[in-house]
Amino acid sequence: MHPMLNIAVRAARNAGKILLRASEDLSKVEVQQKGANDLVTNIDKEAEAVIRDTILQSYPTHSIVGEELGEHKGKDDDYQWIVDPIDGTTNFIKGIPHYAVSIALKVKGRLDQAVIYDPIRGELFTASRGQGTQLNSKRLRVSKTTVLAGTVLATGFPFKNKNHMDAYTEAFKALFVHTADIRRAGCSALDMAYVAAGRVDGFFEIGLKPWNSAAGELMVKEAGGMVVDFAGGNNYSHSGNIICGSPKLTQAIIREIRPVLTESLLR
């Protein structure tokens, strides 16, 4: 295992212990609203602090961007860690056992290492650039499905971008008529990890942040998949609008939803 991936795994496991311990008595979890439909807990912050400490103990000059604690500007800008301590905070708060720790590392602007850790199931998804994607050390590949017929897709509702709800609903309908089913589980990191594992055939969502998608992006690509924005381009890191799956299935998704999307979603 790459030494930096090893540190990411250690950080994710350390955070996972905090999540599991807190999940035993959710009445003690402190919940705050940091924005419309956007919740944060003291556990998010505690887990992110542990991740940050674990990384900086080994790499004190690296930079870190986290969902809750903001940016730690290190002396070495070539190395930037992107952290989501709990992807699926609402699930966590409600006691729904589907959430994950997500950690990615960019080296000179390119995704290089990634970890998505599901502490409930003990599933550790990892990826290194050029070395593939693994689940608990077993190599993963995206689904071989090339057409929408019979597929199972994952998605996330635009709960932070409700102005796009009409366009999203039309896109959902355009896809749903062709698929076997569409799932909405509330954790985009695991959605993308599941695409990499072939558990779901594809995924689409509006308005993700880098800490939601960076680790999953590398995993999907290293598992043979494609990650694009709604126009089929590479602007998803800026727009947060993401489609992923096998290359041919991704193109099929684009063909179905482009005609019903607003201009703002195609940028």
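The values are calculated or read from the model by the stated rules, or taken from the named source; none is laboratory data. Treat the numbers as computed from the prediction; the structure is a model and nothing was measured. No Cβ is skipped: glycine too gets one built from the backbone with ideal geometry, and neighbour counts run over all protein chains shown. Side chains are part of the model used for accessible areas, which takes the heavy atoms of the whole protein and leaves out ligands, DNA and RNA. Shrake-Rupley method; radii C 1.70, N 1.55, O 1.52, S 1.80 Å.
So how do Leu190, Leu20 rank on accessible area, 1.4 Å probe, biggest first, that is with the largest at the start?
Details: Leu190 0, Leu20 65 Å².
If we order Leu190, Leu20 from most to least accessible, we get Leu20, Leu190.
Long-range amide H contacts for Val200: which residues qualify at under 5 Å (H placed 1.01 Å from N, peptide plane, sequence gap of 5 or more or a different chain)?
Under 5 Å from the amide H of Val200: Val195.
What does the helix-only formula give at 222 nm for the chain: each DSSP H stretch with n ≥ 4 adding -39500 (n - 2.57), the total divided by the residues, and the result rounded to the nearest 500 deg cm²/dmol? The partial results should precede the final answer.
Details: 8 runs with 94 residues, N = 267.
Result for the chain, helices only: -11000 deg cm²/dmol.
Give me the percent of accessible area attributable to carbon and sulfur for the chain, probe 1.4 angstrom.
48 percent
In whole Å, what three semi-axes, largest first, describe the equivalent ellipsoid of segment 185-252 built from its Cα gyration tensor (square root of 5 times each eigenvalue)? If you can, show how the numbers build up before the last one.
Details: eigenvalues 47, 39, 20 Å².
Calculated on Cα positions only, the semi-axes equal 15, 14, 10 Å.
Based on Cα positions only, what radius of gyration and what Dmax would you give for segment 170-223, in angstroms?
Rg, Dmax (Cα atoms, Å): 11.5, 31.
Rounded to the nearest 20 debye, what is the charge dipole size of segment 1-105 about its Cα centre when +1 sits on each Lys and Arg Cβ and -1 on each Asp and Glu Cβ? The partial results should precede the final answer.
On the way: 11 positive and 16 negative charges, 61 e Å.
Here segment 1-105 has a charge dipole of around 300 debye.
Could you tell me the distance between the Cα centroids of segment 222-262 and segment 72-130, to the nearest Å?
21 Å
Enter the accessible area of Trp211 (Å², nearest 10), with the probe set to 1.4 Å and all protein chains included.
50 Å²
Using unit Cβ charges (K, R positive; D, E negative) and no other charged atoms, how large, in debye to the nearest 20, is the dipole of the chain about its Cα centre?
On the way: 32 positive and 30 negative charges, 129 e Å.
Charge dipole, the chain, about its Cα centre: 620 debye, nearest 20.
Excluding ligands, DNA and RNA, what is the solvent-accessible area per residue of the chain at a probe of 1.4 Å, expressed in Å²?
Numbers: 11840 Å² over 267 residues.
Value returned for the chain: 44 Å² of accessible area per residue.
Starting at the first residue of segment 156-170, write each ³J(HN,Hα) from the Karplus equation 6.51 cos²θ - 1.76 cosθ + 1.60 with θ = phi - 60°, in whole Hz, x for Gly and Pro.
My calculation for segment 156-170 gives x, 6, x, 5, 9, 10, 5, 5, 9, 4, 5, 5, 4, 4, 5 Hz in order.
For segment 7-57, what are Rg and Dmax over the alpha carbons, in angstrom?
Radius of gyration, then largest Cα-Cα span, for segment 7-57: 12.1, 35 Å.
Under a GNM of the chain (C-alpha, springs under 10 Å), which listed residue has the highest mean-square fluctuation: Glu71, Glu46, Glu24?
Judging by the Gaussian network model, the answer is Glu24.
Could you state how much accessible area Asp166 has, in square angstrom rounded to the nearest 10, with a 1.4 Å probe and all protein chains kept in place?
Solvent-accessible area, nearest 10 Å²: 120 Å².
First obtain the Kirkwood hydrodynamic radius of segment 1-89 from its Cα pairs, then insert it into the Stokes-Einstein equation at 10 °C and 1.306 mPa s, and state the resulting D in µm² per second as a whole number.
Numbers: Rh = 13.7 Å.
In µm²/s, the coefficient is 116.
Suppose accessible area is computed on protein heavy atoms with a 1.4 Å probe; arrange Val260, Val101, Val147 from highest to lowest. Write down the numbers at each step before the final one.
Values: Val260 50, Val101 0, Val147 85 Å².
Highest to lowest solvent-accessible surface, that is Val147, Val260, Val101.
Can you tell which of Ser23, Ser213, Ser188 shows the greatest fluctuation in a Gaussian network model of the chain with Cα springs below 10 Å?
Ranking Ser23, Ser213, Ser188 by mean-square fluctuation puts Ser23 first.
Which whole-Hz couplings ³J(HN,Hα) result when phi for each residue of segment 202-217 is put into the Karplus expression 6.51 cos²θ - 1.76 cosθ + 1.60, θ = phi - 60°, listed in order with x for Gly and Pro?
For segment 202-217, the Karplus-derived couplings read x, 8, 8, 7, 9, x, 6, 9, x, 5, 6, 10, 4, 5, x, 4 Hz, x marking Gly and Pro.
For a quick check of your reading of the filter: which trypsin sites (Lys or Arg not before Pro) in segment 108-212 sit in a DSSP loop and have no more than 15 other Cβ atoms within 10 Å?
Numbers: sites: Lys108, Arg110, Arg121, Arg129, Lys138, Arg139, Arg141, Lys144, Lys160, Lys162, Lys173, Arg183, Arg184, Arg199; in loops: Lys108, Arg121, Arg129, Arg141, Lys144, Lys160, Arg184, Arg199.
Hits after loop and neighbour filter: Lys108, Arg121, Arg141, Lys144, Arg184.
In debye, nearest 20: dipole of segment 116-208 around its Cα centre with unit charges on the Cβ of K, R (+) and D, E (-)? Display every interim value, and only then the final one.
On the way: 12 positive and 8 negative charges, 62 e Å.
Its charge dipole is roughly 300 debye.
Average projected area of the Cα convex hull of segment 57-164, in nm²?
Working: hull surface 40.5 nm².
Its average projected convex-hull area is 10.1 nm².
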